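First up is the structure itself, then whatever we jot down about it.
The values are calculated or read from the model by the stated rules, or taken from the named source; none is laboratory data. Remember, predicted model here, so these are calculated numbers, not experimental data. Note: ideal-geometry Cβ built from the backbone for every residue, glycine included; neighbour counts use all protein chains shown. All accessible areas refer to the heavy atoms of the entire protein, side chains included, with ligands and DNA or RNA removed. Shrake-Rupley method; radii C 1.70, N 1.55, O 1.52, S 1.80 Å.
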Amino acid sequence: FCFLHGFDAEEDLVASLASMSTNERIKAIQKMPETMRKKREIRNKVLKEISKKSRHRGAQPSCCTQCLQGAAVSFRRFGNTLSEYFHLLRIWHKALKIIGAEFGTSVLSYFVFLRWLLNFNLFSFLINFGFISIPQLLAAEPNNLSFTGLELFTGAGYFEKTVLYYGFYTNATISKIENGPSYNMQLAYIFTVGIYFVICFLILFFSMGKSFYRNFVNSQVLYGKASKLLCTWDFNITNEKAVKLKQKNLSTQIKEDLTEVNKEVLSFSVMERLLRVAVHLLAWVASLGAAVAACSGVYFLSINNLELFMKGYRNDLESQAAMLVLPVIASLLNTLIPFFFSWLGHLERFQTPGQHVYVTIIRNIILKMSIVGILCYYWLNIVATSESQCWETLVGQDIYRLVLVDFIFCLLGSFFGEFLRRIIGTTVFVSLGPPEFDIGRNVLDLIYAQTLTWIGILFSPLLPGIQMIAFLIVFFVKKVSLMRNCQPPCKVWRTAQMMTSFMFLLFCPSFLGVLSVIGVTVWRLKPSEGCGPFRGLSSMYSAVSEWIQVLESYTASKWVVWIYHNLITNELFFFILSTIVL
């Protein structure tokens, strides 16, 4: 009787599923608390029931309908196969799972942020290459300069006459066919860069808002623990390695949540509190003093760097090699001083690892953004007013060298800061043990590199492609160094808000500071007379103003003119927009 009752229930289920639409039927089968094998059996029975009903009705589809259905099925299978291959190409997917299981979400947040920046630069490169570089390549003349190999480090010489730099781009209208469609390089250049920064702003703004809502507003800590314990396990996992990795990952996450709930509140005496405050004040004085000294050194080096620029502009490769002094010193300061900040953090003995990480991040952001500010002042107030034939290309070369040398020092930091530290901690001073992964220092290295890339886009449109390759190499070098040289954090701690903090630091001060630099360059500085798409204009923005004057004589373009006069040039519009953003 029970068997017949179960058989009738299954028949009723199949009949009800057969009466649903395709999407409803798929969702209903997915929600069933059954094994995958049982779900497949039910799906096959439902499909047989549907085909039986269609034959019973005599509704035989026409030849055209059968062809369309066959094409749709083939296309769907091709799409599924393609998505599987793309999933296999996501080479970091498994790496992120292993990192999360071994080292927790704090270290994982760094690699997730790095992957996000890598995708961001891929998007930047495709936009600039598609709308700026390809049209210029179609109209470019052959490069007669010789390539020696030193240009890979200096960015000068042969590269000056390529699409890598602003000075190579024409100010003419490109047209390959007589009386055919034309391409205005001035408008293409400024609109591509402008629209790109608008898209960056929206992506950063909504990513930060989404992360803030998920991790601060709607965190639901208690619900998170219940869901991890009762509802997180994926019963489709059958591979033994995958099962163990999933168990380890869940175990780490539950430990982090429990640490957040069971954290101890330490009580200190009055003297101990005064001593801790004194140590914190001394650490801040030392860190700020180091930042001021570093900025002073970078400023005086940049003044000498301009003289080398002027001497080495005639392809004197030895002089161009000497120009590496500024980026090497700047990168050396950006690499060594953060180690000093980390050492100060250990002396201060914060109560939680989170406090240590956030204080280190603040100190690093002060250092790195101050150095970038000094460099921007040098580029916009000294290089831009120099007697150079093409100051924009000089700035592009400077940023290229900074990005390249910073990448090299990032790799050296992994070797000296993690590999040698592990050797010392496991052989010489065994009590030290292997190092922990320094999240604050490594995250600020990424933000510093991305800030340089954003500034350099106007002067070197293909710089995001170079940074994308650098980030890809950094991802795998850091992953290998983490696995072989570092130990998991001694204190497990929950870092749900870490990614939000990274986004916020990338947005402010990094991105907003870059917008200020780009705004001054576009609106206030006079372009070079002998190079670039804006030669002969009083400012880069004058290209837009002249284009609007041309459009005023066309009736069909009145709406563009209205938007320009009532929105783009209206301070009230930007005031309201800024208020909404805030």
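Please determine whether any residue of region 434-452 is assigned by the TED database to the domain that holds T385, touching a residue at least 40 places away in the same chain (Cβ under 8 Å) and farther than 30 Å from F350 by Cα. Steps first, answer last, please.
Taking region 434-452 first, the residues assigned by the TED database to the domain that holds T385 are 434-452.
Now restrict to residues that are touching a residue at least 40 places away in the same chain (Cβ under 8 Å): 434-452.
Going one step further and asking which of them are farther than 30 Å from F350 by Cα, we end up with 452.
Yes, the conditions are met somewhere in region 434-452.
Looking at (1) over 17 Å from G373 (Cα atoms); (2) at pLDDT below 80, which is the only condition W284 fails?
All conditions are met except number (2).
Pull out all pairs, ordered by first then second residue, where Cβ-Cβ is under 8 Å, the residues are six or more apart or on different chains, the first lies in region 272-298 and is closer than 30 Å to L326 by Cβ and assigned to a helix (DSSP H, G or I), and the second is small (G, A, S) and open to solvent by 80 Å² or more (accessible area, probe 1.4 Å).
Sorted first by the residue in region 272-298, then by its partner, the list stays empty.
Yes or no, residue by residue, for (1) within 25 Å of A290 (Cβ to Cβ); (2) at pLDDT 90 or above; (3) not assigned by the TED database to the domain that holds Y158:
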position	(1), (2), (3)
A330	yes, yes, no
G345	yes, no, no
P353	yes, no, no
L367	yes, yes, no
L380	no, yes, no
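Among the listed residues F419, F437, which satisfies the condition of being in contact with a Cys (Cβ under 9 Å, 6 or more places away or on another chain) and either modelled with pLDDT under 90 or surrounded by fewer than 19 Cβ atoms within 10 Å (Cβ to Cβ) (or both)?
Just one listed residue meets the conditions, F437.
List the pairs whose first member sits in region 541-570 and is within 19 Å of I518 (Cα to Cα), whose second member is surrounded by fewer than 12 Cβ atoms within 10 Å (Cβ to Cβ) and not acidic (D, E), and whose Cβ atoms are under 6 Å apart, counting only residues at least 6 apart or on separate chains?
Sorted first by the residue in region 541-570, then by its partner, the pairs are Y541/W523.
For C531, which of the numbered conditions (1) hydrophobic (A, V, I, L, M, F, W, C); (2) under 28 Å from the mean Cα position of the chain (by Cα); (3) within 24 Å of F459 (Cα to Cα) fails to hold?
So C531 meets the others, but not (2).
Among the residues of region 152-193, write down those that are loosely packed, with under 15 Cβ neighbours inside 10 Å and on the phi < 0 side of the Ramachandran plot.
We begin by selecting, within region 152-193, every residue loosely packed, with under 15 Cβ neighbours inside 10 Å; these are 152, 172-173, 175-182.
If the condition is that a residue be loosely packed, with under 15 Cβ neighbours inside 10 Å and on the phi < 0 side of the Ramachandran plot, then L152, A172, T173, S175, K176, I177, E178, G180, P181, S182 are the ones that fit.
Is there a residue in region 522-540 that is closer than 30 Å to T393 by Cβ, open to solvent by less than 50 Å² (accessible area, probe 1.4 Å), part of a helix (DSSP H, G or I) and of a type outside the set (A, V, I, L, M)? Explain how you work it out, then say what you get.
Filtering region 522-540 down to residues closer than 30 Å to T393 by Cβ leaves 522-540.
Next cut, open to solvent by less than 50 Å² (accessible area, probe 1.4 Å) only: 522, 525, 527-528, 531-534, 537, 539-540.
Narrowing further to those that are part of a helix (DSSP H, G or I): 522.
Still in the list and also of a type outside the set (A, V, I, L, M): none.
No: zero hits.
Select from region 335-354 the residues that are not hydrophobic (A, V, I, L, M, F, W, C) and not in a helix (DSSP H, G or I) and write down the one among them that is nearest to S106 (Cα to Cα).
Going residue by residue through region 335-354, those that are not hydrophobic (A, V, I, L, M, F, W, C) are 335, 338, 342, 345-346, 348-349, 351-354.
Now narrow it down to the ones that are not in a helix (DSSP H, G or I): 349, 351-352.
Numbers: R349: 19, Q351: 17, T352: 13 Å.
It comes out as T352.
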